[in-house]
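J.: Before anything else, here's the structure in question.
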Amino acid sequence: MLSRRQPVCLSAQGIAQAYSLTPFDGLHDELVGIATQLTGTAISLDAPLMSAGLDSIGATEFSARLNERLKTELPPTLLFDYPSLRFIAGSLPIESGDSSAPETA
């Protein structure tokens with residue numbers, strides 16, 4: 001006896017997992033791009049940003065560019081609270097329609 005299969009609906013996150021992607025891939029690229037523009041050197045996702053050459057003025061500019069890109073209000077102290085691009089990405093509100101600032105420690 002043949003059974004009829006039900007269609008499977010995957011969320012964007014489910015599709016990303018199926019293709020070994022994460023929902024952060026585009027955000028990671030964006031953060032690396034901003035940091036690279038500000039420092040003039042490529043920075044890995046796990047590198048401590050201050051050690052990689054981003055000073056306090058650069059940190060303020062980084063926060064401002066990120067605010068502009070994400071249409072949100074992140075504090076200029078973002079890099080002190082989240083010292084690497086991966087930590088910053090993990091703290092950002094990337095769910096659809098959520099533009100609130102992340103909680104800081």
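J.: From the residues in region 26-55 that are of a type in the set (Val, Ile, Thr) and touching a residue at least 24 places away in the same chain (Cβ under 8 Å), which one is farthest from Ser84 (Cα to Cα)?
T.: In this case the residue turns out to be Ile34.
J.: Would you please name the residue that is surrounded by the most Cβ atoms within 10 Å (Cβ to Cβ), looking only at residues in region 19-38 that are modelled with pLDDT of 90 or more and more than 14 Å from the chain's Cα centre (by Cα)?
T.: Result: Leu38.
J.: Among the residues of region 39-92, what is the count of those that are among the hydroxyl-bearing types (Ser, Thr, Tyr) and not in a loop (DSSP other than H, G, I, E, B)?
T.: The qualifying residues number 5.
J.: Hey, another quick one. Looking at region 65-78 only, could you name the residues that are surrounded by fewer than 13 Cβ atoms within 10 Å (Cβ to Cβ) and modelled with pLDDT of 90 or more?
T.: Matches in region 65-78: Glu68 only.
The values are calculated or read from the model by the stated rules, or taken from the named source; none is laboratory data. Quantities reported herein were computed from a predicted structural model and do not represent experimental measurements. Virtual Cβ from ideal backbone geometry, glycine too; neighbours counted across all protein chains shown.
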